[in-house]
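Following: one structure in structure tokens, then a few remarks.
Computed from the coordinates by the stated procedures, all read-outs in this text should not be read as laboratory data. Everything numeric in this text was worked out from a predicted model, so none of it was measured. When we count neighbours, we look across all protein chains shown, and the Cβ atoms used for this are built from the backbone with ideal geometry, even at glycine.
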Amino acid sequence: MPVGDWRVAPIPARSAKPGPQNAGGWIGLDELRTRAGRCFDRVAAGETVSVVRGGRLLAHIVAAGDADRTSRPVDTVGGIELDELRKRAGRYFDEVAAGQTIDVIRGGKLVARIVSVA
């Protein structure tokens with residue numbers, strides 16, 4: 001690699017070492033768009049998934065019962081559908097990075113919360 005080139009270190013999609021029950025892995029924002037169903041299946045099973053963009057940690061996706069309820073959801077109706085998250089993931093994660101918490105609904109049920117790491 002020539003001097004002056006800047007590259008982001010790849011972040012694994014799953015943890016390399018097994019950890020506690022709720023320890024999850026990493027997922028890139030683009031991968032989340034294409035594999036959202038699998039990601040939220042993992043969250044429903046009790047894992048916490050960290051979302052990164054450009055090598056920078058953006059947020060954690062946690063099971064609905066595990067999230068801190070002190071932050072107000074972005075959507076006043078009560079959350080966003082998984083398909084909506086897929087379509088506009090960048091916008092929603094920008095709001096999460098600003099300190100918001102987003103509730104994610106799948107099949108009419110609250111399945112997860114996206115919380116800021118800030």
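The table below lists the values:
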item	result
Theoretical FRET efficiency, 1/(1+(r/R0)^6), r = Cβ-Cβ of residue 26 and residue 81, R0 25 Å, to 0.05	0.55
Chain lengthening between residue 44 and residue 98 when straightened (0.36 nm per residue, less Cα-Cα)	16.9 nm
